[in-house]
1. Sort through I6, I30 and tell me the only one that's at pLDDT below 95, under 12 Å from the mean Cα position of the chain (by Cα) and β-branched (V, I, T).
2. What number of residues in region 25-69 are closer than 16 Å to V97 by Cα and among the charged types (D, E, K, R)?
3. Consider only pairs whose beta carbons are under 7 Å apart and that are at least six residues apart or on different chains; among these, list those whose first residue lies in region 12-32 and is without any contact (Cβ under 8 Å) to a residue 40 or more places away in the chain and open to solvent by 100 Å² or more (accessible area, probe 1.4 Å) and whose second residue is in a helix (DSSP H, G or I) and not aliphatic (A, V, I, L, M).
4. Can you name every residue in region 65-86 that is surrounded by 10 or more Cβ atoms within 10 Å (Cβ to Cβ) and either over 15 Å from the mean Cα position of the chain (by Cα) or over 20 Å from T20 (Cα atoms) (or both)?
Amino acid sequence: IRTHAIKNLKELEKLSRLLTPRLQPNVFLILQGELGVGKTTLTQLIAKNLGIKEKITSPTFNILQRYQIKNDYYLNHFDFFRLSVDDNLDIFQELTVDNLNIIE
């Protein structure tokens, strides 16, 4: 596990450019932080770097937003903030296979 403190948007953009080439199918990027620190902004920047043109929004209320990267390859953007350890996540397991997964 690596942690890094980001001080501004310019540093966040730089981090997104460093991360994007390393984000491959079956990778899970887990973002942790308080509300409003930039987790969704980082996901937006990564999506932009991947060529996704859609508007990237926080999946807070619907838990998952999916964005097509190419044919059968998707960016899954999860927000598990409202879930508990007792919640069954099996429904999402199949969606994560062979896709890029970012979890807040």
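The values are calculated or read from the model by the stated rules, or taken from the named source; none is laboratory data. Computed from a predicted structure; not experimentally measured. Glycine also receives a Cβ, built like all others from the backbone with ideal geometry; neighbour counts cover every protein chain displayed. For the accessible areas, the whole protein counts, side chains as well, though only heavy atoms, and no ligand, DNA or RNA atoms are used. Shrake-Rupley method; radii C 1.70, N 1.55, O 1.52, S 1.80 Å.
1. Numbers: I6 fails: under 12 Å from the mean Cα position of the chain (by Cα).
Of the residues listed, the single one that is at pLDDT below 95, under 12 Å from the mean Cα position of the chain (by Cα) and β-branched (V, I, T) is I30.
2. Final tally of qualifying residues: 1.
3. Pairs found: R17/N49.
4. Residues satisfying the conditions are F80, F81, L83.
Results for (1) surrounded by 10 or more Cβ atoms within 10 Å (Cβ to Cβ); (2) within 11 Å of the chain's Cα centre (by Cα); (3) within 20 Å of L9 (Cα to Cα), shown as yes or no for each residue.
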{"residue": "K39", "(1), (2), (3)": "yes, yes, yes"}
{"residue": "N49", "(1), (2), (3)": "yes, no, yes"}
{"residue": "T57", "(1), (2), (3)": "yes, yes, yes"}
{"residue": "F61", "(1), (2), (3)": "no, no, no"}
{"residue": "V97", "(1), (2), (3)": "no, no, no"}
